[in-house]
Amino acid sequence: MTNTLHPRTLILLLSSIALMSLPHVLHVPAPIMAFFFGLLIWRFTAIWKPHYLPSPIIVFCLLLTGIGLLVFMHSGVFGRDAGTMVFITALGLKLLEIQTQRDLYLISFLAFIVAASQFLYLQNIFMAGYILMVSISLFATLLSINSGTLNNKQALKKSAIILMQAIPLMIVIFIFFPRVELPRWSFLDDDNKATSGLSDSLEPGSISQLGLSGEIVFRAKFTGKIPTPEQRYWRGPVFSYTDGKRWSPSKNTYFKRYLDKISFKGEKYQYKLLMEPQSKNWVYALDMPAQYPYYLRTNTVHQLITKQAFNKRAEYDISSYAEYNTGYLTKTEYKDNLQLRPKASERIKALVKQLGGFDGKAETYINNIFKHFHQNEFHYTLFPPLLNDNPIEDFLFNSKAGFCGHYATAFTYLMRAANIPTRIVTGYQGGLYNESGDFIEVRQANAHAWAEVWLKGKGWVRFDPTTAVAPDRVENDVNIEQQISQQTISFAPVKLDSQTISFLKSARQLWSSVDYSWQRWIINYTRKNQLNFLAGLGIKSLTAMLYWLIGSAIVISLIIGLYVLRKQKPKLTPAQRYYAKACHKLAPFDLIKQPSEGEHDFLQRVSKEQPQFAVAFQTITQLYSQLRYERQGHNLELLQRLKQAVNQLHIKHKH
């Protein structure tokens, strides 16, 4: 290591790299991160013990080790995970080769790339603030390298000031710079990026696994009236086929052209749906969607499907009605939604007969099933017991404990056993209303399953058998935080004093509102949203956008430049002010001190051109020199004598 590398610069650089790489512990495999931090600690030690630096042979062996780890932790050739691991490994190895300032520059720039890669995993406001802090530290390293005189504290302060000055320009570029939507190549996607959520099949108990997840699925901001909690059914996949254990969608899709047209009535709910990245192309609209963007479509079971990339955050304008009639039933629907496996046993048939399923009205039979669930010690639980090979019968006659999926599947089976077309609908129910942001927030713990029964003259009608045993599930919504912490079903509020509850609720809703605005206006600022936003400002063409970009950038740069120049203007000491006053008195005689002219040189010129002022100005010059150059700037006696000498310099103006 050459003498050009100061230890304090290396300490700042390595500390910045440690902070920058720390969040990757959550995303990058442990062997890769252990290898990286091992190299980082090694390089830290070598700051004080340079002889600890490895020889070229050892560096080559470490390179082979890094390559071996990358191959062992194989995550594909392309994509987010593979690229991030390569950059982190390369950065760790390069730390051991620092010899010149050029190496410091290269490592700093590589560290900025690794810092930016954090946004491939997390894009929340916390990560943005953290990366800004790390960027200040990395930029301070560059300042320290170039300056050679700044200590770390001074470099960090100067770096923060420079980056803060750049924020207005950054905002202008963010708003006006044309956003380009790159083509989506599937070979660049990671296979392991799928998010948690509802599945494309259903087994009793499968949805209960989501009951302990606080992960946000979507937010809905309504224009006008907001649906009541019991109306907040967000429609997802629909299941018609069963093999006796698992329920899945019908494979028949050709009958869509024969579906009756849905008729809507009642209140129309208009809202913006901000979906988080999903693992499926499903859009969870409020049941039943009526109007939606052209790039969405409904399938044969009235579920909204998107044609766009579903693994990215997206916003949709949707209108829904809580009251609707789907019309007649096609032959295919009739056949699909009466399918039963296994065939109803004698015990099941006896129960259906007891509840009036074979000879009564469908509505009466449904009410009897609900009463049966309510009056026969059925329980609603997150952790139901395991069921045998015949889960429906085992649940109905033995365990009598289950989550929403148990009740939906059992209800559907009993309805089909009575030859009444019924199907299962999954999605989300409820959602917490955020008063601060005026939106509804739905999390994975709101996952739910219910049933739809086809009734003559009414079409497909929603029935939620869970309400028979847990009406609070729909009426009061899920208390997600308490449910997660206590590992049990919870609808009641936290038992704290009212003031504490109010404070915690307000704080949580305020933060959720800030996060919603961040996700909607910053993260989801796509080309489409940019064009819509700028169109609202009257900027409707690419040319106008570029004019605004360039003009705004110039104005902001001028303002910042003037501010910086003004800040750089030296502040005069009292001695300098008195001396300047004396020089100003000589100006009428064309005696103007030049910037490059020293005080004594100016004195000689004054004595030569205007000798009558020589003695007085000599006294002023001597006192000023003592105060400024002989470290007597705080000598009040000398300062007072200089002030008197300047005041006594009486000059009659030249006629």
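The values are calculated or read from the model by the stated rules, or taken from the named source; none is laboratory data. Everything numeric here is computed off the predicted structure, so don't read it as measured data. Cβ placement follows ideal geometry from the backbone for every residue including glycine, while neighbour counts extend to all protein chains displayed. All accessible areas refer to the heavy atoms of the entire protein, side chains included, with ligands and DNA or RNA removed. Shrake-Rupley method; radii C 1.70, N 1.55, O 1.52, S 1.80 Å.
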Study note, to complete from the structure: Among 261, 265, 256, the single one that is touching a residue at least 24 places away in the same chain (Cβ under 8 Å), over 20 Å from residue 444 (Cα atoms) and assigned to a loop (DSSP other than H, G, I, E, B) is 261
Check your understanding: (1) more than 30 Å from residue 276 (Cα to Cα); (2) of a type in the set (Lys, Arg); (3) assigned to a loop (DSSP other than H, G, I, E, B): which one isn't true of residue 312, the others all being true?
Key -> (1)
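Considering only the stretch 147-158, I want to know if a residue exists there that is part of a helix (DSSP H, G or I), open to solvent by less than 30 Å² (accessible area, probe 1.4 Å) and at pLDDT 90 or above. Even if it seems obvious, please write down each step before you answer.
Taking the stretch 147-158 and keeping what is part of a helix (DSSP H, G or I), we get 147, 152-158.
Subsequent filtering for residues that are open to solvent by less than 30 Å² (accessible area, probe 1.4 Å) retains 155.
After this cut, where a residue has to be at pLDDT 90 or above as well, the list is none.
Taking every residue of the stretch 147-158 in turn, none turns out to be part of a helix (DSSP H, G or I), open to solvent by less than 30 Å² (accessible area, probe 1.4 Å) and at pLDDT 90 or above.
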Check your understanding: If you check residue 618 against the conditions, is it more than 21 Å from residue 648 (Cβ to Cβ) and open to solvent by 80 Å² or more (accessible area, probe 1.4 Å)?
Key -> no
Revision key, fill the gap. Checked against (1) closer than 30 Å to residue 520 by Cα; (2) in contact (Cβ under 8 Å) with a residue 60 or more places away in the chain, residue 107 satisfies every condition except (1)
Check your understanding: In the set 531, 636, 572, which member is on the phi < 0 side of the Ramachandran plot and open to solvent by 90 Å² or more (accessible area, probe 1.4 Å)?
Key -> 636
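Pick from 444, 429: which is touching an Asp or Glu at 6+ places or on another chain (Cβ under 7 Å) and surrounded by 21 or more Cβ atoms within 10 Å (Cβ to Cβ)? Before you say what the answer is, go through the steps one by one.
On the way: 429 fails: touching an Asp or Glu at 6+ places or on another chain (Cβ under 7 Å).
Unique residue meeting the criteria: 444.
Restricting to the stretch 411-443, name every residue that is of a type in the set (Asp, Glu) and in contact with a helix residue (DSSP H, G or I) (Cβ under 7 Å, 6 or more places away or on another chain).
Our first condition is that a residue be of a type in the set (Asp, Glu); within the stretch 411-443, this holds for 435, 438, 441.
Of everything in the stretch 411-443, those that are of a type in the set (Asp, Glu) and in contact with a helix residue (DSSP H, G or I) (Cβ under 7 Å, 6 or more places away or on another chain) turn out to be 435, 441.
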Check your understanding: Which numbered condition trips up residue 334, out of (1) without any contact (Cβ under 8 Å) to a residue 40 or more places away in the chain; (2) under 17 Å from residue 249 (Cβ atoms); (3) open to solvent by 40 Å² or more (accessible area, probe 1.4 Å)?
Key -> (1)
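A quick yes/no check of all residues on (1) assigned to a helix (DSSP H, G or I); (2) more than 24 Å from residue 343 (Cβ to Cβ); (3) free of Cβ contacts under 8 Å to residues at least 60 places away in the same chain; (4) out of contact with any strand residue (DSSP E or B) (no Cβ under 6 Å at 6 or more places or on another chain):
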| residue | (1), (2), (3), (4) |
| --- | --- |
| 385 | no, yes, yes, yes |
| 398 | yes, no, yes, yes |
| 413 | yes, no, no, yes |
| 416 | yes, no, no, no |
| 427 | no, yes, no, no |
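Conditions (1) at pLDDT 90 or above; (2) part of a helix (DSSP H, G or I); (3) aromatic (Phe, Trp, Tyr); (4) out of contact with any strand residue (DSSP E or B) (no Cβ under 9 Å at 6 or more places or on another chain), marked per residue:
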site: 270; (1), (2), (3), (4): yes, no, no, no
site: 277; (1), (2), (3), (4): no, no, no, no
site: 297; (1), (2), (3), (4): yes, no, no, no
site: 301; (1), (2), (3), (4): yes, no, no, no
site: 319; (1), (2), (3), (4): yes, no, no, no
site: 329; (1), (2), (3), (4): yes, no, no, no
site: 338; (1), (2), (3), (4): yes, no, no, no
site: 347; (1), (2), (3), (4): yes, yes, no, yes
site: 352; (1), (2), (3), (4): yes, yes, no, yes
Check your understanding: From the list 126, 176, which residue is within 24 Å of the chain's Cα centre (by Cα), over 24 Å from residue 35 (Cβ atoms) and open to solvent by less than 50 Å² (accessible area, probe 1.4 Å)?
Key -> 176
Check your understanding: In this structure, is residue 87 modelled with pLDDT of 85 or more, in a helix (DSSP H, G or I) and surrounded by fewer than 16 Cβ atoms within 10 Å (Cβ to Cβ)?
Key -> no
Exercise for review: Could you tell me which residue of the stretch 258-316 is surrounded by the most Cβ atoms within 10 Å (Cβ to Cβ), considering only residues that are β-branched (Val, Ile, Thr) and in contact with a Ser or Thr (Cβ under 6 Å, 6 or more places away or on another chain)?
Suggested key: 283
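Quick check on this structure: which one of 116, 140 is within 24 Å of residue 564 (Cβ to Cβ), open to solvent by less than 60 Å² (accessible area, probe 1.4 Å), in contact with a helix residue (DSSP H, G or I) (Cβ under 9 Å, 6 or more places away or on another chain) and assigned to a helix (DSSP H, G or I)?
On the way: 116 fails: within 24 Å of residue 564 (Cβ to Cβ).
Of the residues listed, the single one that is within 24 Å of residue 564 (Cβ to Cβ), open to solvent by less than 60 Å² (accessible area, probe 1.4 Å), in contact with a helix residue (DSSP H, G or I) (Cβ under 9 Å, 6 or more places away or on another chain) and assigned to a helix (DSSP H, G or I) is 140.
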Exercise for review: Quick one: in the stretch 358-380, of everything that is among the hydroxyl-bearing types (Ser, Thr, Tyr) and surrounded by 19 or more Cβ atoms within 10 Å (Cβ to Cβ), which residue is modelled with the lowest pLDDT?
Suggested key: 380
